[in-house]
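Chemist: Dumping the structure here so I can ask a few things about it.
The values are calculated or read from the model by the stated rules, or taken from the named source; none is laboratory data. The structure displayed is predicted, hence computed values, not measured ones. When we count neighbours, we look across all protein chains shown, and the Cβ atoms used for this are built from the backbone with ideal geometry, even at glycine. The accessibility values were calculated without ligands, DNA or RNA, using every heavy atom of the protein model including side chains. Shrake-Rupley method; radii C 1.70, N 1.55, O 1.52, S 1.80 Å.
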Amino acid sequence: MALIASRSPMDIPILEIQNLTKHYAEVKAVDGISFAIQRGTCFGLLGPNGAGKTTTMEVIEGIIPETFGDILYKGAPRGESFTQEVGIQLQNTELPLFLTVEETLESFRNLYTQRANKKSLIAACRLEEILKRDNRKISGGQKQRLLLAMALANDPDLIFLDEPTTGLDPQARRHLWEIVENLKKGGTTVVLTTHYMEEAQNLCDEIAIMDHGHIIATGKTNTLLDAHCKGASITLPGTSIDSGTAPLSTPWFRLSDGRISIQTEDLDATLRELVAMNIDLSRIVVSPQTLEDLFLKLTGKALRN
Ligand code: ATP
């Protein structure tokens, strides 16, 4: 009798990362991280600049070698099928000059034996209106949509997006989010890196928060927030509290812009305390806790400097 019940192929995570480590000469860029990604989900690797997100992605994608650790794709080490079946959108990719959007997409599709349907790809990435335009004459948001279409040219099961919305305006960012949502609905697994916590909260089913090459929290986005960030987040002008002020029972942090951040599980009690301390509350902001607050709580520092 088998000691371990066999798993059906659909139960096997599409990616399993075990003790992944990447050391450069002087930097432990990724230091023994493990996580699994289920099929059809969106998984987010989050963290500040230099946390190790891009290195993690590039090692998993096979662009750079790991120092050690295991990477399993559909339950087995990555083989030939991996390159054919995954899509990769790199950070800072330069588009070929003197080609139109349509020509660029076509030349990319021609690299693969399995190709996405051209019409569906154009519609999915909303490229209809810029197909005949030269790559040099498209906006930042349009470029990101074209890069996404190029990463989808082989109709991948799994797509990697490295900071797909960095530098985009809020509207272009929202367009990209809608496209990613539709990919998920179609069953594509999405792995993305971002330092926008709002993006992760909107898109990701599960996340791993990285800092200094380690994963400091991982799990379902809502479960993490429920577990660590039950109450509310309060911000106050930087001059409201200082070392001379009577101590608060809730820890507070100074954000990089000087404002004061307090995360409390008991909003009512903290507000009463602030009133009793005679603090000017005219510019107080109270909001539900977010992944930004979770990061602050776990590391004692803000995500973005
Ligand atoms: P960002 O959000 O800025 O892209 P990141 O989280 O993706 O940051 P990485 O680019 O993976 O972080 O970098 C992780 C660490 O590894 C940093 O300290 C970086 O300086 C270092 N690093 C990255 N690539 C190399 C390299 N080729 N040689 C040496 N060190 C490197």
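Chemist: Across the stretch 86-107, which residue is surrounded by the fewest Cβ atoms within 10 Å (Cβ to Cβ) among those that are within 22 Å of Ser120 (Cβ to Cβ) and in contact with a strand residue (DSSP E or B) (Cβ under 7 Å, 6 or more places away or on another chain)?
Modeler: Thr100
Chemist: Search the stretch 48-77 for residues being out of contact with any Phe, Trp or Tyr (no Cβ under 6 Å at 6 or more places or on another chain) and hydroxyl-bearing (Ser, Thr, Tyr), and hand back the single one that is most open to solvent (accessible area, probe 1.4 Å).
Modeler: That would be Thr67.
Chemist: Here are some conditions: (1) more than 16 Å from the ligand (Cβ to nearest atom); (2) at pLDDT 90 or above; (3) touching a helix residue (DSSP H, G or I) at 6+ places or on another chain (Cβ under 7 Å); (4) more than 21 Å from Gly187 (Cα to Cα). Asn19 meets all but one. Which one does it not meet?
Modeler: Looking at each condition in turn, Asn19 falls short on (3).
Chemist: Moving to a separate point now. Within the stretch 184-228, can you find the residues that are part of a loop (DSSP other than H, G, I, E, B) and closer than 21 Å to Gln263 by Cα?
Modeler: His195, Tyr196
Chemist: When only residues in the stretch 22-47 that are surrounded by 22 or more Cβ atoms within 10 Å (Cβ to Cβ), within 12 Å of the ligand (Cβ to nearest atom) and farther than 14 Å from Gly69 by Cα count, which is modelled with the highest pLDDT?
Modeler: Applying the filter and picking the extreme gives Leu45.
Chemist: I've got another one for you. Is there any pair linking a residue in the stretch 74-96 that is within 29 Å of Ser139 (Cα to Cα) and polar (S, T, N, Q) to one that is open to solvent by less than 50 Å² (accessible area, probe 1.4 Å) and in a loop (DSSP other than H, G, I, E, B), with Cβ under 7 Å and at least six apart or on different chains, and which?
Modeler: Pairs found: Gln89/Pro164; Gln91/Glu163.
Chemist: Mind telling me which of the residues Glu94, Glu66, Glu61 ends up being assigned by TED's automatic domain parsing to the domain that holds Lys28, closer than 17 Å to Leu192 by Cα, out of contact with any Gly (no Cβ under 7 Å at 6 or more places or on another chain) and of a type outside the set (S, T, N, Q)?
Modeler: Glu61
Chemist: Please go through the stretch 236-247 and give me each residue that is open to solvent by 20 Å² or more (accessible area, probe 1.4 Å) and touching a strand residue (DSSP E or B) at 6+ places or on another chain (Cβ under 7 Å), ordered by number.
Modeler: Selection gives Gly238, Ser240.
Chemist: Let me ask something else about it. Run Asp70 past the list (1) more than 9 Å from the ligand (Cβ to nearest atom); (2) acidic (Asp, Glu); (3) closer than 30 Å to Thr290 by Cα and report the number of the one that doesn't hold.
Modeler: (3)
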